[in-house]
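The values are calculated or read from the model by the stated rules, or taken from the named source; none is laboratory data. All figures in this text were calculated on a predicted structure; none of them were measured in a lab. When we count neighbours, we look across all protein chains shown, and the Cβ atoms used for this are built from the backbone with ideal geometry, even at glycine.
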Amino acid sequence: MPGDHRVNERIRVESVRLIDAEGNQLGVVSSREALAMAQAQDLDLVEIAPTADPPVCRIMDYGKFKFDEAQKAKESRRKTQNVGVKEMKYRPKIGPGDFDTKTRLVERFLSEGHKVKVTIMFRGRESAHPELGKKILDRIVERVADDGKVESAAKLDGRNMIMVLGPEKKAKPAKAAATPSSTPDASTDVATEIVEES
């Protein structure tokens, strides 16, 4: 497939406005002359603005150009797919160990650029004390301050209290510098936590 651009002999117009491989404007020349110049440099003549009058063509390595474009598109798709909303669930009477494990995972998600939906699950009479859930959410916000910020404030939704955290853009380097020693423990807890939550 030649792609979206007409290249070399596929350019059928009489004359083109030519740009050389370094980006210099060479003015209007015949298509035949432009193609000869490209071939002399072992490069391609590529039509980059077909609707201009005359069409604009550039001398370039078309294979490399297409490869670079494909890589950019692939990277863009990868970023779009990977960044999503994660969810972490807590109970109002969560123990310190579980709280630390889950909150470290929240920090990791935020540092990777994900949003995190934090849910406090109330059972039975616990729902009569929403302030217990609010205290936990406040502790989480305080703990992840370097990595994230509140995007959607805490609100009750049936028996749950929900808050959404978003990543801080400059969080990653600061976090790496601040807690290098905690990384091995975090990775161990992360592995077990993912199994529990799924």
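Which ones in region 1-54 are over 23 Å from residue 69 (Cβ atoms) and either small (Gly, Ala, Ser) or touching a Ser or Thr at 6+ places or on another chain (Cβ under 8 Å) (or both)?
Across region 1-54, the qualifying residues are 12, 13, 14, 15, 27, 28, 29, 30, 31, 36, 40, 54.
I'd like the full set of residues that are under 17 Å from residue 85 (Cα atoms) and either without any contact (Cβ under 8 Å) to a residue 24 or more places away in the chain or not assigned by TED's automatic domain parsing to the domain that holds residue 99 (or both), limited to region 113-153.
Of everything in region 113-153, those that are under 17 Å from residue 85 (Cα atoms) and either without any contact (Cβ under 8 Å) to a residue 24 or more places away in the chain or not assigned by TED's automatic domain parsing to the domain that holds residue 99 (or both) turn out to be 149, 150, 152, 153.
Based on what the data block shows, is residue 196 under 27 Å from the mean Cα position of the chain (by Cα), surrounded by fewer than 14 Cβ atoms within 10 Å (Cβ to Cβ) and modelled with pLDDT of 90 or more? Spell out how you get there, then give the answer.
Working: under 27 Å from the mean Cα position of the chain (by Cα): yes; surrounded by fewer than 14 Cβ atoms within 10 Å (Cβ to Cβ): yes; modelled with pLDDT of 90 or more: no.
Criteria not met by residue 196.
Identify all residues within region 121-168 that are of a type in the set (Ser, Thr, Tyr) and within 27 Å of the chain's Cα centre (by Cα); write none if there are none. Can you show your working first?
Our first condition is that a residue be of a type in the set (Ser, Thr, Tyr); within region 121-168, this holds for 127, 152.
Across region 121-168, the qualifying residue is only 152.
So, in region 33-71, exactly how many residues are hydrophobic (A, V, I, L, M, F, W, C) and in a helix (DSSP H, G or I)?
First, the residues of region 33-71 that are hydrophobic (A, V, I, L, M, F, W, C): 34-38, 40, 43, 45-46, 48-49, 52, 56-57, 59-60, 65, 67, 70.
If we keep only those that are in a helix (DSSP H, G or I) too, we end up with 34-38, 40, 65, 67, 70.
Residues flagged as hydrophobic (A, V, I, L, M, F, W, C) and in a helix (DSSP H, G or I) within region 33-71 amount to 9.
Out of (1) under 20 Å from residue 160 (Cα atoms); (2) in a helix (DSSP H, G or I), the odd one out for residue 109 is which?
Tallying (1) under 20 Å from residue 160 (Cα atoms); (2) in a helix (DSSP H, G or I), residue 109 fails exactly one: (1).
(1) more than 24 Å from the chain's Cα centre (by Cα); (2) surrounded by 16 or more Cβ atoms within 10 Å (Cβ to Cβ); (3) assigned to a strand (DSSP E or B): which one isn't true of residue 116, the others all being true?
With (1) more than 24 Å from the chain's Cα centre (by Cα); (2) surrounded by 16 or more Cβ atoms within 10 Å (Cβ to Cβ); (3) assigned to a strand (DSSP E or B) applied to residue 116, the lone miss is (1).
Can residue 47 be described as farther than 30 Å from residue 109 by Cα, of a type in the set (D, E, K, R) and touching a Lys or Arg at 6+ places or on another chain (Cβ under 7 Å)? Break it down into steps so the answer makes sense when it comes.
Numbers: farther than 30 Å from residue 109 by Cα: yes; of a type in the set (D, E, K, R): yes; touching a Lys or Arg at 6+ places or on another chain (Cβ under 7 Å): yes.
When the stated conditions are applied, residue 47 passes them.
Could you check how many residues of region 72-106 are crowded, with 17+ Cβ neighbours inside 10 Å and in a strand (DSSP E or B)?
So the count comes out to 3.
Among the residues in region 130-140, are any of a type in the set (Val, Ile, Thr), modelled with pLDDT of 90 or more and in contact with a Lys or Arg (Cβ under 8 Å, 6 or more places away or on another chain)? Walk me through how you get there before you give the answer.
The initial filter retains those residues of region 130-140 that are of a type in the set (Val, Ile, Thr), namely 136, 140.
Those left that are additionally modelled with pLDDT of 90 or more: 136, 140.
Next cut, in contact with a Lys or Arg (Cβ under 8 Å, 6 or more places away or on another chain) only: none.
So far as region 130-140 goes, no, none of its residues is of a type in the set (Val, Ile, Thr), modelled with pLDDT of 90 or more and in contact with a Lys or Arg (Cβ under 8 Å, 6 or more places away or on another chain).
Sort through 20, 53, 42 and tell me the only one that's modelled with pLDDT of 95 or more, exposed (fewer than 10 other Cβ atoms within 10 Å of the Cβ) and not assigned by TED's automatic domain parsing to the domain that holds residue 143.
42
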